[in-house]
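Structure, as structure tokens:
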Amino acid sequence: MKKVLVLNGPNLNLLGKREPEIYGRIDLTQIRADLEDVARNKVEIDLRQTNSEAELIDWIHEAFTQKLDVILNPAAFTHYSYALRDACSALSANGQKLIEVHISNPHAREEFRHTSVISGVASGVIAGFGAQSYTLALKALIDN
């Protein structure tokens, strides 16, 4: 069965607790359960979270090597991590899909959040649908 990496950047370990008025009350455990419901008998989900830019880049390299598609919530790295962007660009060049997801809509927030260095190398971007952004991304990967 095909595996999809679901990678989460900094502070997403605090989902459900940190700024619930922006990010909601759902945590990564619930997101994993929702993804597994969508994935059932279609793909395997490997959900991970790190506060380390280097570790996130290593996981993107792992996806590249294993030819895995990726759902990525880069969190704060969205706006400035050119190293993460460069790692992500290798995926599309290798025929893999990368869907960038955001729980909130960055364009409806502070101006510094309006720019994503990742979007230009992503296959698609889903933002602003709360935790459902993840399941929408997975459905897109399964259907395409």
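Tabulated data for the structure shown
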{"quantity": "Near pairs, Cβ below 7 angstrom, 6+ apart or cross-chain, from segment 33-53 (closer than 24 Å to Leu84 by Cβ) to any residue that is of a type in the set (Phe, Trp, Tyr)", "calculated": "Leu35/Tyr134; Arg48/Trp59; Glu53/Phe77"}
{"quantity": "Residue check for Lys17: farther than 16 Å from Phe129 by Cα, free of Cβ contacts under 8 Å to residues at least 12 places away in the same chain and part of a loop (DSSP other than H, G, I, E, B)", "calculated": "yes"}
{"quantity": "Within segment 52-108, considering residues that are in a loop (DSSP other than H, G, I, E, B) and hydrophobic (A, V, I, L, M, F, W, C), the one surrounded by the fewest Cβ atoms within 10 Å (Cβ to Cβ)", "calculated": "Leu68"}
{"quantity": "In segment 55-106, the residues that are of a type in the set (S, T, N, Q), closer than 23 Å to Ile31 by Cα and in contact (Cβ under 8 Å) with a residue 40 or more places away in the chain", "calculated": "Asn73, Thr78, Ser104"}
{"quantity": "Members of segment 6-36 that are acidic (Asp, Glu) and at pLDDT 85 or above", "calculated": "Asp27, Asp34, Glu36"}
{"quantity": "Check on Ile45, assigned to a helix (DSSP H, G or I) and surrounded by 13 or more Cβ atoms within 10 Å (Cβ to Cβ)", "calculated": "no"}
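The values are calculated or read from the model by the stated rules, or taken from the named source; none is laboratory data. A quick note: this is a predicted structure, and the numbers were derived from the prediction, not measured. Using ideal geometry, Cβ is built from the backbone for each residue, glycine included, and neighbour counts are taken over all protein chains shown.
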